[in-house]
Amino acid sequence: MTDDAINITTIDCRHENALPLFSELRNKLSPRGDVVSEAGRQRTIELFGEALSPRAVVQRICEDVRTKGVDALLDYTARLDRKQLTADTIRVAPQELQAAADAASPQLLQAVREIRDNIVEFQSAILPEDTRVERALNGGTVTLRQRHLPMKRIGICVPGGAAAYPSTVLMTAVPAMTAGVPQIAIVVPPTDFGGYNTDMLATCHEIGVTEVYRVGGAQAVAALAYGVEGIPRVDKIVGPGNLFVALAKQRVFGDVDIDSIAGPSEVVVLADETARAEFVAADLISQAEHSPGSGVLITWHEPLIEQVRAALTAQLAQLDRGGLARQSLEDYGALILVRSAEEAAEYTDLLAPEHLHISMDDAESMLARIQNAGAIFMGHYTPVALGDYAAGPSHVLPTGGTARFANGLASTDFLKRSSVIGYDQAALSGEADRVRLLAAKEGLTAHSASVDVRLTDGDQ
């Protein structure tokens, strides 16, 4: 290894002592939100007069916005984002959205339209149809339906600290629109990459989002959840953000629905002897450059480990964000050697990654073995960037191992599902004895009475 070679962790799972290293990696990728940097600690003391944990900071901010409304929202915007806004200026005016669209490049707007169409095509295809079941009972009819209606109002968090993310606008707002949500409110930090970014605002205008607010962080999440003057409360909050946004979403869950509590971006590349090292390295770097971000290779082809290490070193030296990506890979990445394809699938399921790239000629054979992943990219020519930007499924995905039980955002997540049940009297009479029996077992006699009162005309 040369002096400038990347110092990424290598784990040889063929040895018994590898398990603690693997467990340590899993723990690194599952942040609990209790750690803050020294700079962050000093900033907290400056703002709040004491060293609070991130959770305590979020609790303070959310409670202030809940009880004090827009005044607290504007105060935190001034103190945290150093932007002096008013209740009248936090919302991006229609003429500003139009001006951004006029100033944006035609190539961007064309790409936005084409990507929107890709998203609509996929998100429309997965929308469920209402279900209707009828059955005869005791000479009567039972009618059962499942009804799907869109939520009335949702909020979207779009990051804007270190980069602009028009892709997040597309990957959150378009699925909601496809589901039929009539009101969509976007919150984005008041930064050059956020609420003052031409490309981001132009994307909103191009797809028809008209409600955009220049507020970010935990205070924006609280404003959406509780409602403040000028920002009505929403039914659901979706979209990525930093640690404070994630913790705020966790706190307001119950007052509103949320999509997930997202952590750093991550990818597992599962590769065999047909994989090209430069392809694998590029995928690992693509998520690590989010900084923080994680890239993990799992392979049973031993020569690939050093080939990928060399490719990482070479590619990182050529990239604008190579230094940041390198630090992320050294902190949160790994090159993992396993005994077999079966063991590779087992370790992948333990990591339950946000993104899984199966870099194999026969990717389908491996797909059948995998249970846990947010989004799965098949074969050598399907980089994760396609899912991030263009394919159609949303790029808002479960992180930190939560793909074991959580799903990526989709149009279906913006639907309210209700069962609709109808019995006529004859059918009620036919079901009555079963209801009476279970009500008696549970000691809930009023349940029985609600049936009996309807069957007092001698028809039972």
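Listed values, structure above:
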quantity: Search result, residues across the range 321-331 that are of a type outside the set (Gly, Ala, Ser), part of a helix (DSSP H, G or I) and surrounded by fewer than 23 Cβ atoms within 10 Å (Cβ to Cβ); calculated: Leu324, Gln327, Glu330, Asp331
quantity: Residue match in the range 102-113 (condition: modelled with pLDDT of 95 or more and charged (D, E, K, R)); calculated: yes
quantity: Evaluation of Ile305 against (1) under 23 Å from Arg404 (Cα atoms); (2) in contact with a Ser or Thr (Cβ under 9 Å, 6 or more places away or on another chain) (one fails), failing number; calculated: (1)
quantity: 1 or more residues at pLDDT 95 or above and farther than 30 Å from Leu455 by Cβ: qualifying strands (runs of 3 or more DSSP E) within the range 126-187; calculated: 140-150, 153-157, 183-187
quantity: Top-ranked residue of the range 87-125 - restricted to ones that are part of a helix (DSSP H, G or I) and of a type in the set (Lys, Arg), ranked as nearest to the chain's Cα centre (by Cα); calculated: Arg116
quantity: Hey, Gln98 at pLDDT 95 or above, surrounded by fewer than 19 Cβ atoms within 10 Å (Cβ to Cβ) and closer than 25 Å to Pro232 by Cβ or not; calculated: yes
quantity: Subset of the range 70-79 (residues that are buried (at least 16 other Cβ atoms within 10 Å of the Cβ) and over 18 Å from Val188 (Cβ atoms)); calculated: Ala72
quantity: Qualifying position, being surrounded by 17 or more Cβ atoms within 10 Å (Cβ to Cβ) and either more than 26 Å from Leu74 (Cβ to Cβ) or more than 18 Å from the chain's Cα centre (by Cα) (or both), among Thr141, Thr168, Thr203; calculated: Thr203
quantity: Number of the exception - Leu350 against (1) in a loop (DSSP other than H, G, I, E, B); (2) surrounded by fewer than 21 Cβ atoms within 10 Å (Cβ to Cβ); calculated: (1)
quantity: Per-region count, the range 441-455, residues loosely packed, with under 12 Cβ neighbours inside 10 Å and under 15 Å from Ala426 (Cα atoms); calculated: 1
quantity: Qualifying residues in the range 55-69 (those that are of a type in the set (Val, Ile, Thr), touching a helix residue (DSSP H, G or I) at 6+ places or on another chain (Cβ under 8 Å) and within 19 Å of Glu229 (Cβ to Cβ)) - the one surrounded by the most Cβ atoms within 10 Å (Cβ to Cβ); calculated: Val65
quantity: Filtered residues of the range 214-272 (kept if in a helix (DSSP H, G or I), among the aliphatic types (A, V, I, L, M) and within 20 Å of Leu409 (Cβ to Cβ)); calculated: Ala220, Val221, Leu224, Ala225, Leu243, Val245, Ala246, Leu247, Ala248, Val252
quantity: In the range 287-315, residue farthest from Gln327 (Cα to Cα) [restricted to those that are among the small types (Gly, Ala, Ser) and crowded, with 21+ Cβ neighbours inside 10 Å]; calculated: Ala311
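Yes/no matrix, rows are residues, columns are (1) in contact (Cβ under 8 Å) with a residue 60 or more places away in the chain; (2) polar (S, T, N, Q):
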| position | (1), (2) |
| --- | --- |
| Ala375 | no, no |
| Thr382 | no, yes |
| Thr399 | yes, yes |
| Gly408 | no, no |
| Arg417 | yes, no |
| Tyr423 | yes, no |
| Ala426 | yes, no |
| Asp433 | no, no |
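The values are calculated or read from the model by the stated rules, or taken from the named source; none is laboratory data. The model shown is predicted, which means the values in this text are computed figures rather than measured ones. Positions of Cβ are backbone-derived with ideal geometry, glycine not excepted, and every protein chain shown enters the neighbour counts.
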